[in-house]
Amino acid sequence: MPERNRVTPTGEIVATPLRGAWTGNRGILHEGHDIVRFHTGNLWITCALRFRNRRREQWAPRHWTSLYFHDEAVSFAAGHRPCAECRRESYRAYRDAWTEGLGVPPPTAGEMNRLLHSERIHRGTHRRRYHDLAWRDVPEGAFVLTEDRVPALVLDRHLTEWTREGYGRRRELPSAGTAPVITPPATLAVLRAGYPVQIDETAR
């Protein structure tokens, strides 16, 4: 049986057999094998599955909870960013794209964490924030909610729906109107600046 450690584009932590291309964390969320909290701070990162032959127990007491993401686009939508240790090159590329996309000096990790946290959840709650944006302004690699409230990826001017089994139905991107965007605005700026987000091939 799959355990509850997979993350959806909206940031939920669910049990699904879908394999993850990345791991990551947002603090110590578990007691035993049960997820008992949504996050413990504003540090939400995406990590490499393997790094320097390190091995760690999945549900180790008093250690951060390992979470898993289908691809990097899903992790970005959930509100995570690349880890500065195990994904140093990606972290630098994300930070540089942040600088270019937002027109600000190079940020510290803490500055990025604070802005992303304010953009992904409503303050003092665990409720996700969505940001309405014209369809024409949603960059490739971002996630939106469809009219049926299904997460969908914008890619090649199409929408590809995401389910707990992976990517599914694909259709043309609407030409007019607005969409509730899941991916935080700062990461949208990163995508517009050219960050090469990893997307599972099944989305195409």
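The values are calculated or read from the model by the stated rules, or taken from the named source; none is laboratory data. Remember, it's a predicted structure, so these values are computed and weren't measured experimentally. No Cβ is skipped: glycine too gets one built from the backbone with ideal geometry, and neighbour counts run over all protein chains shown. Keep in mind that these areas ignore ligands, DNA and RNA; they rest on the heavy atoms of the full protein, side chains included. Shrake-Rupley method; radii C 1.70, N 1.55, O 1.52, S 1.80 Å.
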With a 1.4 Å probe and all protein chains kept in place, how do Asp34, Asp200 rank by accessible area, largest first? Asp34, Asp200
As a test of the formula, what do you get for the chain when each DSSP H run with n ≥ 4 contributes -39,500 (n - 2.57) and the sum is divided by the residue count, at 222 nm and rounded to the nearest 500 deg cm²/dmol? -6000 deg cm²/dmol
Probe radius 1.4 Å, ligands and nucleic acids ignored: give me the carbon and sulfur share of the accessible area of the range 15-152 as a rounded percent. 48
Excluding ligands, DNA and RNA, what is the solvent-accessible area per residue of the range 46-155 at a probe of 1.4 Å, expressed in Å²? 53
Looking at (1) 28; (2) 33; (3) 14, which value of percent of Cα pairs over 31 Å apart comes from a calculation on the structure shown? (3)
Relative contact order for the range 110-204 using alpha-carbon pairs under 8 Å, separation at least 6, rounded to a whole percent? 31
Contact order normalised by residue count of the chain, Cα under 8 Å, 6+ apart, percent: 21
If I model a spin label as a point 7 Å beyond the Cα along the Cα-Cβ vector, how far apart are those points for Arg204 and Arg55 in nm? 3.6
Cα-based helix-to-principal-axis angle, 109-120 vs the chain, degrees rounded to 10: 60
